[in-house]
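Notes for the one structure printed next.
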Amino acid sequence: MQRNPEALAGKLQDRFAGEGIGIELAFGEVTMSVPVNAYIQVMQVLRDDPDYRFEELVDLCGVDY
């Protein structure tokens, strides 16, 4: 299945609006910035919600200020 990055970014913005999650679209890729306290919930939504059905996590980065 081929995904449209613009449509995906829009769906993510709609789903996670107001939860402190950043959604960026650059170079045809969608990047999410997720607070640590929301990480498990967000990953479960991306895996289990039929609108997303993600099967693989490609990259996970952490920042400690």
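Quick check for you: with a 1.4 Å probe and neighbouring chains kept, what is the accessible area per residue of the chain, in Å²?
On the way: 5350 Å² over 65 residues.
I get 82 Å² per residue for the chain.
Give the longest segment of the chain that steers clear of trypsin sites (Lys or Arg not before Pro) in DSSP loops with at most 13 neighbouring Cβ atoms within 10 Å, not counting the sites themselves. Intermediate values should be presented prior to the final figure.
Values: sites that count: ARG3, ARG53.
That gives 4-52 as the longest site-free run.
When GluC sites (Glu not before Pro) are flagged only if DSSP places them in a loop and at most 16 other Cβ atoms lie within 10 Å, the longest unflagged stretch of the chain comes out as 20-54. Computed from the alpha carbon positions, the gyration tensor of the chain leads to an equivalent ellipsoid with semi-axes of 18, 14, 13 Å, biggest first.
By the helix-only formula, in which each DSSP H run with n ≥ 4 contributes -39500 (n - 2.57) and the sum is divided by residues, the chain has a 222 nm mean residue ellipticity of -10000 deg cm²/dmol.
How many percent of the accessible area of the chain is carbon or sulfur, using a 1.4 Å probe? Show your work: numbers first, answer last.
Values: 2670 of 5350 Å².
Of all accessible area on the chain, carbon and sulfur atoms account for 50 percent.
The values are calculated or read from the model by the stated rules, or taken from the named source; none is laboratory data. Since this is a predicted model, take the numbers as computed values, not measurements. Reconstructed Cβ throughout: ideal geometry from the backbone, glycine too, with neighbour counts over all protein chains shown. Side chains are part of the model used for accessible areas, which takes the heavy atoms of the whole protein and leaves out ligands, DNA and RNA. Shrake-Rupley method; radii C 1.70, N 1.55, O 1.52, S 1.80 Å.
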